[in-house]
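Chemist: Before we start, here is the structure in question, set down as structure tokens.
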Amino acid sequence: MTELCSFTPAALLAGRRAVVTGGAAGIGAAVARAFAAHGADVLVADIEPIGSVEFDAAAGGSITQVEWDVRVSPCPPRIVEHRPHILVNNVGHYLQPPHTFATNAPALWDELHDINFAHVLRLTQALLPGMTERGTGSIINLTTVEGHRAIPGHAVYSGYKAALTGFTRSLAAEIGPAGIRVNAVAPDLIESVQVPYAALVPEEDRHLWPTWSPLGGPGRPDDVAGVALFLASDLSRFVTGGTIHVDGGTHAAGGWVPRHSGGWTNRPRNP
């Protein structure tokens, strides 16, 4: 009998269940729509209503919601009862404008810990037994480019995002033998709820977008959702413990920007 090609056109997540935190808007909503469009039954965990969602119903997917503030422990029983094959830990936030570490209030450290790291530990641990029992699972953690490079004014936020990257690697090694994969996605220059580039960048400055990254910018939430779909599906069956940067190349460029006259510089005269 001829073995079917792994890349036969089909819904990539048919028959699977997924949980997406913070899926009511922005990147999380794009991920939820992409998963549902490929046949997954998606449970969105968010404190905001999901509103109107659009996806390819022909794939047989669905999107429902449980209202939950991820900072509140424990997670609702409904999330565990959903028995997801896929978990996307999407929630994260820097919470305030830039402040030097010396002027940070220690109470903020706890808030940043809760919104960027603690909930990932709690929810992942709550859902691991079910994934282990089924012998399959894909956990996707949304980090940020600032977990891999400096962001002055947000040192604590950056530290927790870096911790999430380390957690991703170590957990992947630990639970890989159980058939569960763990990966991270690190966005940058993506239009989002926290950073609405369309509103923040005046029309007269948008000609500078090609200098922001090798691929210009800004990117769209769907750019992140496509990578999450890959990591959730069997297309990435042999991928674990890694981080995929969805940033137009900013992490790879490492601060290098193109000159208008040609060539590159990492010391722009008019930053």
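The values are calculated or read from the model by the stated rules, or taken from the named source; none is laboratory data. Since the model is a prediction, treat every value here as computed from it, not as a measurement. Cβ placement follows ideal geometry from the backbone for every residue including glycine, while neighbour counts extend to all protein chains displayed.
Chemist: Please verify whether ASP223 is without any contact (Cβ under 8 Å) to a residue 40 or more places away in the chain and in contact with a strand residue (DSSP E or B) (Cβ under 8 Å, 6 or more places away or on another chain), treating the condition exactly as stated.
Modeler: Working: without any contact (Cβ under 8 Å) to a residue 40 or more places away in the chain: yes; in contact with a strand residue (DSSP E or B) (Cβ under 8 Å, 6 or more places away or on another chain): yes.
Yes; evaluated as a whole, the condition is true for this residue.
Chemist: Within region 225-253, work out how many residues are on the phi < 0 side of the Ramachandran plot and either charged (D, E, K, R) or not in a helix (DSSP H, G or I) (or both).
Modeler: Applying the first criterion (on the phi < 0 side of the Ramachandran plot) to region 225-253 yields 225-240, 242-247, 250-253.
Among the residues that remain, those that are also either charged (D, E, K, R) or not in a helix (DSSP H, G or I) (or both) are: 233-234, 237-240, 242-247.
Here the count works out to 12.
Chemist: Still on this model: The conditions are (1) under 26 Å from TRP264 (Cα atoms); (2) not in a helix (DSSP H, G or I); (3) not hydrophobic (A, V, I, L, M, F, W, C), and HIS207 fails exactly one of them. Which is it?
Modeler: HIS207 satisfies every listed condition except (2).
Chemist: Only residues that are closer than 21 Å to PRO76 by Cα, free of Cβ contacts under 8 Å to residues at least 60 places away in the same chain and within 19 Å of the chain's Cα centre (by Cα): list them for region 91-119, please.
Modeler: Taking region 91-119 as the starting set, the residues that turn out to be closer than 21 Å to PRO76 by Cα are 91-92, 111, 113-119.
Next, from what is left, pick out any that are free of Cβ contacts under 8 Å to residues at least 60 places away in the same chain: 111, 113-118.
Result: HIS113, ASP114, ILE115, ASN116, PHE117, ALA118.
Chemist: Let me ask something additional. Give me the pairs: first residue in region 188-216 and in contact (Cβ under 8 Å) with a residue 24 or more places away in the chain, second residue of a type outside the set (Val, Ile, Thr) and exposed (fewer than 11 other Cβ atoms within 10 Å of the Cβ), beta-carbon distance under 7 Å, and six or more apart or on different chains, which are they?
Modeler: If the second residue must be of a type outside the set (Val, Ile, Thr) and exposed (fewer than 11 other Cβ atoms within 10 Å of the Cβ), the pairs left are GLU191/ALA198.
Chemist: Moving on. Answer yes if at least one residue in region 183-190 is within 20 Å of the chain's Cα centre (by Cα), over 30 Å from GLY135 (Cα atoms) and either surrounded by fewer than 17 Cβ atoms within 10 Å (Cβ to Cβ) or of a type outside the set (Val, Ile, Thr) (or both), and no otherwise. Working first, answer last.
Modeler: Step one: of region 183-190, the residues within 20 Å of the chain's Cα centre (by Cα) are 183-190.
Pick out the ones that are also over 30 Å from GLY135 (Cα atoms) and you get 188-190.
Remaining after also requiring either surrounded by fewer than 17 Cβ atoms within 10 Å (Cβ to Cβ) or of a type outside the set (Val, Ile, Thr) (or both): 188-189.
Yes, some residue in region 183-190 is within 20 Å of the chain's Cα centre (by Cα), over 30 Å from GLY135 (Cα atoms) and either surrounded by fewer than 17 Cβ atoms within 10 Å (Cβ to Cβ) or of a type outside the set (Val, Ile, Thr) (or both).
Chemist: Right, here's the next one. Please state which of the following conditions SER138 fails to meet, knowing it meets all the rest: (1) assigned to a helix (DSSP H, G or I); (2) crowded, with 23+ Cβ neighbours inside 10 Å; (3) among the polar types (S, T, N, Q).
Modeler: (1)
Chemist: Before we move on, is ALA186 among the hydrophobic types (A, V, I, L, M, F, W, C) and assigned to a strand (DSSP E or B)?
Modeler: So ALA186 fits the description; yes.
Chemist: Would region 261-271 turn up any residue that is aromatic (Phe, Trp, Tyr) and either surrounded by 15 or more Cβ atoms within 10 Å (Cβ to Cβ) or in a loop (DSSP other than H, G, I, E, B) (or both)?
Modeler: Within region 261-271, the subset aromatic (Phe, Trp, Tyr) is 264.
From what's left, either surrounded by 15 or more Cβ atoms within 10 Å (Cβ to Cβ) or in a loop (DSSP other than H, G, I, E, B) (or both): none.
Within region 261-271 (the criterion being aromatic (Phe, Trp, Tyr) and either surrounded by 15 or more Cβ atoms within 10 Å (Cβ to Cβ) or in a loop (DSSP other than H, G, I, E, B) (or both)), the answer is no, since none of the residues qualifies.
Chemist: Mind checking which residues of region 120-150 are farther than 14 Å from GLY241 by Cα, among the hydrophobic types (A, V, I, L, M, F, W, C) and touching a residue at least 12 places away in the same chain (Cβ under 8 Å)?
Modeler: Initially, region 120-150 is screened for residues farther than 14 Å from GLY241 by Cα, giving 120-136, 144-150.
Filter once more, so that each one left must be among the hydrophobic types (A, V, I, L, M, F, W, C): 120-121, 123, 126-128, 131, 145, 150.
Of everything in region 120-150, those that are farther than 14 Å from GLY241 by Cα, among the hydrophobic types (A, V, I, L, M, F, W, C) and touching a residue at least 12 places away in the same chain (Cβ under 8 Å) turn out to be VAL120, LEU121, LEU123, ALA126, LEU127, LEU128, MET131, VAL145.
Chemist: Go over the candidates ILE139, ILE190 one by one and state the one that is aliphatic (A, V, I, L, M) and at pLDDT 95 or above. Walk me through it before giving the result.
Modeler: Numbers: ILE190 fails: at pLDDT 95 or above.
Answer to the selection: ILE139.
Chemist: Could you say whether any residue in region 198-216 is within 27 Å of LEU95 (Cα to Cα), among the β-branched types (Val, Ile, Thr), surrounded by fewer than 19 Cβ atoms within 10 Å (Cβ to Cβ) and modelled with pLDDT under 95?
Modeler: Checked region 198-216: at least one residue is within 27 Å of LEU95 (Cα to Cα), among the β-branched types (Val, Ile, Thr), surrounded by fewer than 19 Cβ atoms within 10 Å (Cβ to Cβ) and modelled with pLDDT under 95.
Chemist: I'd like the residue in region 164-182 that is among the aliphatic types (A, V, I, L, M) and surrounded by 16 or more Cβ atoms within 10 Å (Cβ to Cβ) and, out of all such residues, is nearest to ILE140 (Cα to Cα).
Modeler: Among them, the one singled out is VAL182.
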